Amino acid sequence: MESTSNTLIFKNIPKQVDDVMQLLNSLKIPAAEIKPFGRKRTLILYESEKEACGALEKLQNLEFNGKLVNVSWFCKDKSKVNNNNPMPKRPSCNKAVQTPMFATNRATSMEPVQISKQLCLLDTIYVEGSQTQNNSSGKNSKSKLSQQTYEYVIAVDFEATCWENQAPPRWRESEIIEFPAILVNLKTGKIEAEFHKYIMPIESPKLSAYCTELTGITQKNVDNGIPLQTALMMFQEWLRKELRVRHLTLPKMSKDNKAGNCAFVTWTDWDFGICLNKECSRKRLKKPPYFNQWIDLRAIYREWYKYKPINFLDALTHVGLEFEGKQHSGIDDAKNLSKLTFKLVNDGAILAITKDLTPFQLNLNCIF
């Protein structure tokens, strides 16, 4: 017989979830047992209350189609829950919860909230206890996360091995061959520091003619390049120095300032979400945790300007900017990305983290 102290109930299971056990395993919260409990309901049993508490925290912040899943503690007999015999308090933990990046005060305009829902833009904040407090009346409710702005951003645009008539980016096994990063001051628009290395590919050491023509990267560039692991170490040294001299912190690097005042910015999620993530996983390289959070400028751009650009060049042209340098050169793309970021900020757009691959982890002591 299951104990209510270590049992959760999953109600109105979304159509996208075919196998609850598989979902739990993918979230790294495997259950001891799964029991069907009526239509679209399942009981999730854990060995201990502590395990159940951790699972609940993760599941309650899981979304499908913009809606949080319906998971709660299972109470076998609700009639026994009264003032004389209340449910036991659950252990609280300091965990990450996800919240829309804009404030939710109903007295203000709802436009920011609508923007966050349309983009699925989430920023990660940390609160004491396992759950946030809800105002049942809904009046004067305030988000714990204020609208954020950054003093600096680091624009990154990898170039990777590619071939003509290749598979879509998600299914390729590309290797990074150019690693550029541009540190730009968002108050002045000035580029204050650059990092730039060519990377030696190992799986496909010979570049295709298509790749060279597209990126301008030659076989000699990559033959004289450095391994990706070395580049990551050199980048960390560069990053440490540039952040320290300006008193900057990246998101989640400090308990006192979890938002930080500097963030990575990319055009789409490909650079960090697919390219670097897959290559490090495939080659078993240690990826610094600060690469798990970034701003996808295309998402911000689309909503702010109400325009969906065909490509990066079209995005620049639409707002009156000209591309400087060679298209698909990583360093030139990164410089133009920093210029577009400064333009968005000057036009009033609010930058916020749009993607976090590790929402329940801090990045303490990952650089200094």
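The values are calculated or read from the model by the stated rules, or taken from the named source; none is laboratory data. Predicted model, so just to flag it, every value in this text is computed and none were measured. Positions of Cβ are backbone-derived with ideal geometry, glycine not excepted, and every protein chain shown enters the neighbour counts. Just the protein is used for accessible areas: all its heavy atoms, side chains included, with ligands, DNA and RNA removed. Shrake-Rupley method; radii C 1.70, N 1.55, O 1.52, S 1.80 Å.
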Inset, instruction - Could you tell me whether TRP294 is touching a strand residue (DSSP E or B) at 6+ places or on another chain (Cβ under 7 Å) and not in a loop (DSSP other than H, G, I, E, B)? - result: yes
Legend entry - Matching option when the condition is in the same structural domain as LEU243 (by the TED database), of a type in the set (Lys, Arg), at pLDDT below 95 and closer than 25 Å to PRO251 by Cβ, among LYS343, LYS339, LYS286, LYS335: LYS286
Inset, instruction - Looking only at region 300-310, count how many residues are of a type in the set (A, V, I, L, M, F, W, C) and surrounded by fewer than 21 Cβ atoms within 10 Å (Cβ to Cβ). - result: 2
Legend entry - Residue, most open to solvent (accessible area, probe 1.4 Å), within region 12-30, restricted to residues that are touching a strand residue (DSSP E or B) at 6+ places or on another chain (Cβ under 6 Å) and not in a helix (DSSP H, G or I): ASN12
Legend entry - Hits in region 284-299 - residues which are within 26 Å of ASN261 (Cα to Cα) and either loosely packed, with under 13 Cβ neighbours inside 10 Å or touching a Ser or Thr at 6+ places or on another chain (Cβ under 7 Å) (or both): LYS286, PRO289, ASN292, TRP294, ILE295, ASP296, LEU297, ARG298, ALA299
Legend entry - Tally of residues being closer than 23 Å to LYS278 by Cβ, touching a strand residue (DSSP E or B) at 6+ places or on another chain (Cβ under 9 Å) and open to solvent by 20 Å² or more (accessible area, probe 1.4 Å) across region 170-206: 5
Inset, instruction - Pull up region 316-344, narrow it to residues that are assigned to a helix (DSSP H, G or I) and open to solvent by 70 Å² or more (accessible area, probe 1.4 Å), then point me to the one that is farthest from PHE195 (Cα to Cα). - result: HIS318
Inset, instruction - State the number of residues belonging to region 256-282 that are out of contact with any strand residue (DSSP E or B) (no Cβ under 8 Å at 6 or more places or on another chain) and assigned to a loop (DSSP other than H, G, I, E, B). - result: 3
Legend entry - Lone qualifier among LEU228, LEU207 - being in contact with a Lys or Arg (Cβ under 8 Å, 6 or more places away or on another chain) and in the same structural domain as PRO309 (by the TED database): LEU228
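A quick yes/no check of all residues on (1) open to solvent by 30 Å² or more (accessible area, probe 1.4 Å); (2) touching a helix residue (DSSP H, G or I) at 6+ places or on another chain (Cβ under 9 Å); (3) over 24 Å from ASP356 (Cβ atoms):
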{"site": "ALA32", "(1), (2), (3)": "yes, yes, yes"}
{"site": "GLY38", "(1), (2), (3)": "yes, no, yes"}
{"site": "LYS67", "(1), (2), (3)": "yes, no, no"}
{"site": "PHE74", "(1), (2), (3)": "no, yes, yes"}
Inset, instruction - Considering only residues that are open to solvent by less than 20 Å² (accessible area, probe 1.4 Å) and modelled with pLDDT of 95 or more, look in region 251-273 and name the one that is farthest from ASP332 (Cα to Cα). - result: CYS262
Legend entry - Candidates LEU276, LEU313 - the one that is in the same structural domain as THR341 (by the TED database) and open to solvent by less than 10 Å² (accessible area, probe 1.4 Å): LEU276
Legend entry - Some residue of region 197-204 being in the same structural domain as PHE342 (by the TED database), among the aliphatic types (A, V, I, L, M) and closer than 21 Å to LYS335 by Cα: yes
Inset, instruction - Kindly check whether there is at least one residue in region 154-161 that is surrounded by fewer than 22 Cβ atoms within 10 Å (Cβ to Cβ) and free of Cβ contacts under 8 Å to residues at least 60 places away in the same chain. - result: no
Inset, instruction - Kindly indicate whether any position in region 347-358 is modelled with pLDDT of 90 or more, among the acidic types (Asp, Glu), surrounded by fewer than 19 Cβ atoms within 10 Å (Cβ to Cβ) and in contact with a strand residue (DSSP E or B) (Cβ under 7 Å, 6 or more places away or on another chain). - result: yes
